[in-house]
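Colleague: Pasting in a structure now, in structure tokens, and then I'll have a few things to ask.
The values are calculated or read from the model by the stated rules, or taken from the named source; none is laboratory data. Small disclaimer: the values here were computed from a predicted structure and weren't measured. Methodologically, a virtual Cβ is constructed for each residue, glycine included, from the backbone with ideal geometry; neighbour enumeration extends over all protein chains shown. Only protein heavy atoms, including side chains, enter the accessible area calculation; ligands, DNA and RNA are left aside. Shrake-Rupley method; radii C 1.70, N 1.55, O 1.52, S 1.80 Å.
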Amino acid sequence: MKYDALCIQCILQVRLREINSAVADRDRAIELSLKVVEHALKLFRDGCELTRIASSTYSLIAKASPEVVNYYRAAKMDSIAYSWSIIRDLDRYVGDLRGFELFKALTKISIAGNAIDMGVFGHEFRGISLEDVISRELAIDHTVDFYRHVKTGGRKIIWLFDNAGEAVFDLPLIDELRRLGNRVVGLVKEEPGFQNDLSINDLNGSRIVDHLDEVILTGYSGATIHLNEISSEARRALGESSIVVAKGMSHYEYLIDVNLGIPVLHLLIPKCDVIARTIGVPKGSFVALLKL
């Protein structure tokens, strides 16, 4: 996706916040901040695609400052613990639902987890109420089309995770997809990961892995599945799949301009004006957008 002027502000603010939050040595923090700003501005001037700019600038920080990686590791563990504390009460809200109504409710819950995002300037996570989520309307609702595609089973579904805590909110929908007879394969980022996104250490250190039929490493730790960067195994898995479920804004930003040759279901909350305007929905709304 091409960037907007607001994207420059967002990426730089997030990168500088990471450094200031994690690097105690002020001289190092200043030096690294200047390097990041110079690197980012060059990429913007060169017209690089937005998710590649985000990935490259974070990679620069992660290599130079282990403190930032550890800062996110701690944040991810906290968010995963928080998410389990919420999702354990799920039956209270969906226990009486069946069929498509249950499927739609679980899709909303998966979308709700996308609010746990540390990578959008100006976005503040305020917690998740399952009761509010279940009653929430979808600004774009392609859940019927998605359900028709998977309800008879036999599909190989690639799941592109986003934020680590969000992954816990994905699990009820993943479980339902598997109960319907589908196979769900998680494509997971290498270490050190990207911001607070789910990476392989987060997966192996939690119960999330138990809900997947297979896990494939992307061989890459960028914001999304840049096809020229990910492993041949990950590309092969994409080519053999029936549908991709892509969580969050970064996957949307990249894949909206990429033809994978198979349907892609985008589940996200647009947390900035640029993405909201691109999709054509209010900021903060729930989106289930099926790209055929």
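Colleague: Among (1) closer than 21 Å to Gly193 by Cβ; (2) modelled with pLDDT under 95, where does Ile11 come up short?
Modeller: All conditions are met except number (2).
Colleague: Another one. Please state which of the following conditions Asp162 fails to meet, knowing it meets all the rest: (1) within 15 Å of Ser242 (Cα to Cα); (2) buried (at least 16 other Cβ atoms within 10 Å of the Cβ).
Modeller: Every condition holds for Asp162 apart from (1).
Colleague: With (1) polar (S, T, N, Q); (2) over 29 Å from Tyr3 (Cα atoms); (3) out of contact with any helix residue (DSSP H, G or I) (no Cβ under 8 Å at 6 or more places or on another chain) as the list, and Ser59 as the residue in question, which single condition is left unmet?
Modeller: So Ser59 meets the others, but not (2).
Colleague: Which of the residues belonging to region 175-202 are in contact with a strand residue (DSSP E or B) (Cβ under 7 Å, 6 or more places away or on another chain), in a helix (DSSP H, G or I) and either in contact (Cβ under 8 Å) with a residue 60 or more places away in the chain or buried (at least 21 other Cβ atoms within 10 Å of the Cβ) (or both)?
Modeller: Matches in region 175-202: Leu177 only.
Colleague: Could you list all residues from region 214-224 that are in a loop (DSSP other than H, G, I, E, B) and either open to solvent by 10 Å² or more (accessible area, probe 1.4 Å) or closer than 15 Å to Gly261 by Cα (or both)?
Modeller: Gly219, Tyr220, Ser221, listed by residue number.
Colleague: Follow-up. Within region 123-154, how many residues are touching a helix residue (DSSP H, G or I) at 6+ places or on another chain (Cβ under 9 Å) and surrounded by 13 or more Cβ atoms within 10 Å (Cβ to Cβ)?
Modeller: Within region 123-154, residues that are touching a helix residue (DSSP H, G or I) at 6+ places or on another chain (Cβ under 9 Å) and surrounded by 13 or more Cβ atoms within 10 Å (Cβ to Cβ) number 18.
Colleague: Answer yes if at least one residue in region 104-121 is of a type in the set (Val, Ile, Thr), in contact (Cβ under 8 Å) with a residue 24 or more places away in the chain and in contact with a Cys (Cβ under 7 Å, 6 or more places away or on another chain), and no otherwise.
Modeller: Yes, because at least one residue in region 104-121 is of a type in the set (Val, Ile, Thr), in contact (Cβ under 8 Å) with a residue 24 or more places away in the chain and in contact with a Cys (Cβ under 7 Å, 6 or more places away or on another chain).
Colleague: Where in region 227-283 are there helices (runs of 4 or more DSSP H), lying fully within it, with 1 or more residues that are β-branched (Val, Ile, Thr)?
Modeller: 273-279
Colleague: I need the helices (runs of 4 or more DSSP H) fully contained in region 1-112, keeping only those with at least 2 residues that are under 21 Å from Lys271 (Cα atoms) and open to solvent by 80 Å² or more (accessible area, probe 1.4 Å).
Modeller: In region 1-112, 5-22 are the helices (runs of 4 or more DSSP H) which contain 2 or more residues that are under 21 Å from Lys271 (Cα atoms) and open to solvent by 80 Å² or more (accessible area, probe 1.4 Å).
Colleague: Return yes or no: is Leu50 touching a residue at least 40 places away in the same chain (Cβ under 8 Å), within 26 Å of Ile134 (Cα to Cα) and in contact with a helix residue (DSSP H, G or I) (Cβ under 7 Å, 6 or more places away or on another chain)?
Modeller: When the stated conditions are applied, Leu50 does not pass them.
Colleague: Here's another thing I want to ask about it. Here is a check on your reading of the model: is Glu233 open to solvent by 20 Å² or more (accessible area, probe 1.4 Å), modelled with pLDDT of 95 or more and in contact with a Phe, Trp or Tyr (Cβ under 6 Å, 6 or more places away or on another chain)?
Modeller: No: the conditions fail for Glu233.
Colleague: Sticking with this structure for a sec: So Val244 ticks every box in (1) in contact (Cβ under 8 Å) with a residue 60 or more places away in the chain; (2) open to solvent by 10 Å² or more (accessible area, probe 1.4 Å); (3) not small (Gly, Ala, Ser) but one. Which box is left unticked?
Modeller: Every condition holds for Val244 apart from (2).
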